[in-house]
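The values are calculated or read from the model by the stated rules, or taken from the named source; none is laboratory data. Keep in mind it's a predicted model, so treat the numbers as computed, not measured. Ideal geometry is used to build each Cβ from the backbone, glycine not excepted, and the neighbour counts take in all protein chains shown. Side chains included, ligands, DNA and RNA excluded: accessible areas come from the protein's heavy atoms. Shrake-Rupley method; radii C 1.70, N 1.55, O 1.52, S 1.80 Å.
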Amino acid sequence: MKKHLGWISVALIIVSFAQLFLLDVNGFWGTNILIIGLTSALVTALFSTRGVGKFIALFLLSGYLIFFVVGVFIMIGF
């Protein structure tokens, strides 16, 4: 079961972003859906064994983290 957790985390990332873009949620609930989805994807990726799914999940999560940091820097004018 642990070898499939990487693919489950990739699915969680896709579902959390699909909910943000397809459903009409924004503000508080949209942020909570995104944070909970990405946190659960990170936890499942960390518990999975080595494999392609784990690599893809951690690659996507690190990309989203870089975009977040760049967005914060742009927002504060740094």
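General observations
- Pair list, Cβ under 9 Å, 6 or more apart: the range 22-33 residue modelled with pLDDT of 75 or more, other residue outside any loop (DSSP other than H, G, I, E, B): L23/G30; L23/I33; G30/Q19; G30/L20; I33/S16; I33/Q19; I33/L20
- In the range 13-31, the qualifying residues are those that are among the hydrophobic types (A, V, I, L, M, F, W, C) and within 24 Å of I56 (Cβ to Cβ), and the one that is surrounded by the most Cβ atoms within 10 Å (Cβ to Cβ) is I13.
- Taken over the range 32-69, residues that are over 27 Å from K3 (Cα atoms) and either touching a strand residue (DSSP E or B) at 6+ places or on another chain (Cβ under 8 Å) or open to solvent by less than 70 Å² (accessible area, probe 1.4 Å) (or both) amount to 2.
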